[in-house]
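A.B. asks: Handing you this structure, nothing more for now.
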Amino acid sequence: MRARDETEFTEFAAVTVRRLRRTAYLMCGDWHRAEDAAQDALVKVYRRWNRIDRGDSLVGYAHKAVVTAVLDQARRPWRREHLDVLGEVVEKVPAVPDGADAIHDRAVVVEALAALPPGQRACVVLRHYADLSVEQTAAVLNVGTGAVKSQTSRGLTRLRDLLALPERTSS
C-alpha cells in the first residue's frame, strides 16, 4: 500500500473504529467480542482499500464487514452463550438510584437487543443506531428492502414487548 493510502486508511480507521465497535456491541452485547468484530472489519477494509470506492460505500462496506464478523462469531460453537429471558433478568435488578438510571436503561436495552434473532437485531441496529437507510441496510445485509422493513418492524415490536416495564416511581 502506498504511503498516501496508508495515511488515508489510518485516518478512516481512527474515525470509524468507535462507531463500528458500538454497532458490534449492540449486536452481540459483549465489549470484547465487539472489539474483535471491529478489528476484523477494519482488517477486511484494509485488505480491499485500493478497490473500495471511497464515497458512501466505504462506510457501508465497513458496516457490512462488522455485521458479518458479529454473525460469524455467533455461529462458532465455542462462542454461543445462553441468555436469560429478559423478564427474569429485569426482575432480579434492584431499584436504581436516580443518577444511574441512564446506565441501567442502556443495559436493559442491550439485553433486549440480545434477545432478538440476529437478523432482526442487525436490522434494528443498522437502521436506528447506525442510521442507515433501508436501501443501505439491505446492501449491508445482502437482502431485499422488503426483508429489511419486515425484520425491522418485527424487531421493534419484540423490543416494545420486552421493554414494557412497570413505571418507576420517583422518590
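Where a number appears in this text, it was derived from the coordinates with a stated rule and is not lab data. Remember, it's a predicted structure, so these values are computed and weren't measured experimentally. All Cβ positions, even for glycine, are placed from backbone atoms using ideal geometry, and neighbour counts span all protein chains on display.
A.B. asks: Would you mind putting 141-147, 66-72, 108-114 in packing order, based on average other-beta-carbon counts within 10 Å, highest first?
C.D. replies: Numbers: 141-147: 13.9, 66-72: 22.3, 108-114: 18.4.
Output ranking for 141-147, 66-72, 108-114: 66-72, 108-114, 141-147.
A.B. asks: Given points 7 Å out from each Cα along the Cα-Cβ axis, report the Glu35 to Asp131 separation in nanometres with one decimal.
C.D. replies: Output for this residue pair reads 2.7 nm.
A.B. asks: Using label points projected 7 Å from each Cα along Cα→Cβ, tell me how many nm separate Arg4 and Ala147, to one decimal.
C.D. replies: Label at Arg4, label at Ala147, 3.9 nm between them.
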